[in-house]
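For reference, the structure is listed below as structure tokens.
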Amino acid sequence: MPDAHPFFRWRLGLRGRYTLYSAALTTLVVLALTALSYLNARELVRAATEKQLQQTAAQLADHIGRSIMIGAREVVTLADQPLFANAMLDSEGRNTYLGPFLARHELPVKMEYNLVLVDYRGEPLVSRRALTSYANEDWLVSAVEQGETHTALVQHDGDAWLRIAVPILYRLTGTHEGALVFETNLTQWLDEPTSPFAELGGGLARVELLAGEVPIVSRIRNAPPEQVAMSAPIATELPLHPGLSVRVAMDEAAFEAPLEALLGKHLWWGMLAVVLVAAASAIVARAQTHRIEDLADDARAIAQNGERRHALTAGRFGNDEIGDLANSLMTLLGELKSHEGELEALVEQRTAELAAREADLNHAQSIARVGSWVFHPDVGQFELSAQARSICGVPDGQMLRFEDLLRMVHPEDRELMTQAWRAGLEGSHYNHEHRLLVGGETRWVHAQAESNFDAGGRLVRSVGTLQDVTLRRQTEARMREALAVFEASSQGIMTTDARGVIVSVNPAFCRITGYTVGEVVGRTPSVLRSGRHDQAFYHAMWSRLLDDGQWEGEVWNRRRSGEVYPEWLTISAVRDVAGRVVEFVALFSDISERKEHEEVIWRQANFDALTGLANRSLLHDRMELALLQQRRAGQKMGLLFLDLDGFKWVNDTLGHNVGDELLIEVAQRLKGCVREHDTVARLGGDEFTIVVTGLHDADVLRSIGEKILDVLREPFTLGGGSHHISCSVGITVFPDDGGDVQILLRNADIAMYKSKQAGKNRLHFYAPQMQADVAAHLEMQAELRKAIAAEAFVLEYQPIIDAGSGELAGAEALIRWEHTERGRIPPAQFIPVAEECGLIVAIGEWALRAAARQWRSWYDAGARDLRLAVNVSGMQFRDASLPPLVAEVIREWGIVRGALVLEICESVLMDGSVQAQARMREIKEQGIGYALDDFGTGFSSLSYLKRFPVDVVKIDRSFVSGCPDDRNDAHLVEAIINMTHSLGLKVVAEGVETEAQRAFLRALGCDQLQGYLIGRPMSAEAFLRLIEARAARAASVSPDTRSEPA
């Protein structure tokens, strides 16, 4: 290669390397300094950009998350309403009331969405927009059957949809009959001009909504190849998997362009420096390396062909170290060249011989699955064969010491293995089995060895074998386990040969059957037959066993004592490698106790444990059967649904034991009101149902209902005393009102609710108009929720004066609902609805805050002695948040002690609990007064007035209206005033409308008056004018006449 040699020398010679290293070092320095400068500047700019993007992504995620949760909470709230459960079974009702209600439904966020009510099959019943079917979808079956809310992201036509399905619970049956599905197109929403994505600016290149790491909605303004992106999770309370997040990105070139220009300038200057340094290095290298290069060329020529290119003289390479090196090197290279062939031949011969012997040995050990080893005591190491290394998991070439091998031994076997090894080194035969830990696997090995000693008794070496016996050990362990299971099993086990002759039985077999081993081995299983099964049964058993290899079922057999018992039997056929049956294995267990328990469980599952009446499950089955029978016979069936009036008071006041006594007695009386074949059931709590069949005239049901009302009005002897209750009854008729169990139960429940509304202790037959009342009730609930959010309420104030002086003593704050369509609605129309659906707490909080704020306004205007009364419902008073709310209002508006009065009804005192007393006293200690409203209309009791910190008793207007002409009312009012004063409390008379009533009450010593005669409820501005007018009049009245009434 004469042409390539100069080029090769120029590339790899000292001169080239010297020049190259100098240039490379200079280049590295230049590049390092330039890179550090660039990276530092780029890191600062990128950090600022990522922080801005992170803030933008977090704001978007928060906006989208809040919008989604508004929709989610709304669909959960709607699904809990009875109207949706009733609509599952009432097509006329849902088309008349639910359809328009959904069409008008709106969310307080700008989002297009759909609400679809579907039945348990997924078929749509009614919707807000388009009807969508979800038939045969697994998620719907899970949501309906298991009662679980389903939340998912769905891709449809390239758009991302959010779906939330909430199961509809039908409370009467306790089952889920369908679901309310909320769906919104996230892609369409986020692409609209009013969406959160449309409000972005600041040079963003891409905005995306992601599910996990997958983009489902993207808005791309431009698509540069390199972008800086940041994301933020969208926090929702929904179980979305994967979760949602927002990712925003901007063009990376926007902030890197200036940095790249600066980097270019630095690189140009750096390259100039590299060129200059390389040139200088080349000049220096040429002067220092030309002799070494010549020497290398000569040495290379000798190595290749054994001949020198030139004479090796000191004059040529100089009389220095380089010259000496040249002479020595050429001499050495010559000698090595002469011996090279001889050495290569010898190595090849020995290598081939050794490889052949080692291959034979390894092959033999692999066949026998036995490895060999030699221990060299002089170096303390083991030499392992290939098979031994495979067994121990030791790589090729690695030598082991005894300590290394000991670490591989299982900790529990190390001590015994050490003892055996030491004995072997002393001359004993080494024969030991132990466990090795190899790559996380445990292996059993059998090791044997013999030691060789010299004439002086010194150990020369030890030679041994190593065999993997893991499979043998595992087989032995399985056999021991099988034997232990056979002996200890609680199930009877019997094995027979292919002809059916018993070969073995376990102890459980003997315990269950009473036979000993010797009495059954050698006989057939027919010795156990009870005679309950015919020959066809056994023929079918053996046919199945021979065809399928297994049979399982219930069999009646006979013990040795002659007792017949049931057992659950499993028989398996065991076949050999040729597929022939060689034996049968039978396992059985005595199921006598299980049979007895099944009977008990059936009664527990179908009858009420307390009353012995049919429960909800059995009622449903009997109604289904009764409907089928009545259809065939062309007769009517009646369903009475009744709820006890006053049971809660008995249960809470007298205790649950007394309540249980009452329910048992009610059950007995109800059974006495119907025929023996009619069904009386308890649904739970104080709700009962009666199914009456074989009717030709539905008027019979009225007679039965009136009889039930009569017998339950009779006194009950409970806890040593006599107590009275009543009931409300709803009646529905098949087939007049419906032909389905759920529809009939719903109709009877609606009719019963109508009886409750009408005053209790009465009955009502179901009428279709009742469904409309329920829809209107639900509509008012929805409007109340919107009113709370919009604070669409106003307070009016009715003055209260001192009965003696006529001076303005205070006012009662009365809430009104400012409806956008129906105008101002009085509290009597919406407060009961708010209490029923739990909204009264929020309304009461608004009223308390608004009243406190108005009191502060009047106080600042000069009305320093004014007391303001605010009504608090029993539900709000029982809420644990009331005391901290009162404390917050007092601090916020600076309410002075005694200026704020909470008006409560008698039901709060009737609660009588320790918690109620503690809550009243906690609020009382904050300087708040109490007024007992509508006294005399409920279960009034002096003991309650003594136990609770009440300040004022308000006489109900129903008693004041008859005074002074009605003697009964007059005497009652007088008694209330005297009784209240005897307890040191003040009295306020409500509903004072005539001068005669005011004079009468003043004469009795009533403390304060309230009513239309004093003043109608008025706005805050009008009440302020009343305060100012009375103050002006009081200032103009002379001191001696100021005590006359106003």
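Every number in this text was worked out from the coordinates using simple rules, so none of it is lab data. These figures come from a predicted structure and were not determined experimentally. Heads up, the Cβs are rebuilt from the backbone with ideal geometry, glycines too, and the neighbour counts pull from every protein chain shown.
Listed highest first by mean packing, meaning other Cβ atoms within 10 Å per residue, what order do 168-176, 926-934, 570-578 come in?
Averaged packing, sorted descending, gives the order 926-934, 168-176, 570-578.
Based on the alpha-carbon gyration tensor of the chain and its eigenvalue square roots a ≥ b ≥ c, which shape applies: rounded if a/c is under 1.5, prolate if not and a/b is larger than b/c, or oblate?
Note, shape of the chain comes out oblate.
Farthest toward the dipole's positive end in the chain, which of Thr495, Phe877, Leu437, given Cβ charges of +1 (Lys, Arg) and -1 (Asp, Glu) about the Cα centre?
Leu437
For the chain, what does -39500 (n - 2.57) per DSSP helix run (n ≥ 4), summed and divided by total residues, give at 222 nm, in deg cm²/dmol to the nearest 500?
-16000 deg cm²/dmol
Step through the residues of the stretch 591-598 one at a time and calculate ³J(HN,Hα) from phi using the Karplus curve (6.51 cos²θ - 1.76 cosθ + 1.60, θ = phi - 60°), rounding each to whole Hz and writing x for Gly and Pro.
Result, ordered by residue: 10, 4, 5, 4, 4, 5, 5, 4 Hz.
Would you order Val347, Val992, Val950, Val658 from fewest to most other beta-carbon atoms within 10 Å of each residue's own beta-carbon?
Exposure proxy ranking, most exposed first: Val347, Val658, Val950, Val992.
Spelling out what I want: for every residue of the stretch 111-123, take phi, set θ = phi - 60°, compute 6.51 cos²θ - 1.76 cosθ + 1.60 (Karplus), and round to whole Hz; glycine and proline get x.
Karplus values, whole Hz, x for Gly and Pro: 8, 7, 8, 9, 10, 10, 8, 10, 7, 5, 8, x, 7.
Could you go through the stretch 986-1001 in sequence order and give the Karplus-derived ³J(HN,Hα) for each residue, using 6.51 cos²θ - 1.76 cosθ + 1.60 with θ = phi - 60°, rounded to whole Hz, and x for Gly and Pro?
Computed from phi, the couplings for the stretch 986-1001 are 8, 10, 10, 9, 9, x, 6, 10, 10, 5, 5, 5, 5, 5, 4, 5 Hz.
What is the set of long-range amide H partners of Leu902 at a cut-off below 5 Å, with H atoms built 1.01 Å from backbone N?
The list, which skips near neighbours in sequence, is Val870, Gly929, Tyr930, Ala931.
Setting aside same-chain residues fewer than 8 positions from Lys110, which lysines have a Cα under 22 Å from its Cα?
Cross-link targets: Lys786.
Could you state, as a whole-number percent, how many of the C-alpha pairs of the stretch 46-253 are farther apart than 29 Å?
Percentage above 29 Å: 32.
Determine the percent antiparallel among the DSSP beta bridges restricted to the chain, to the nearest 5.
About 85 percent, rounded to the nearest 5.
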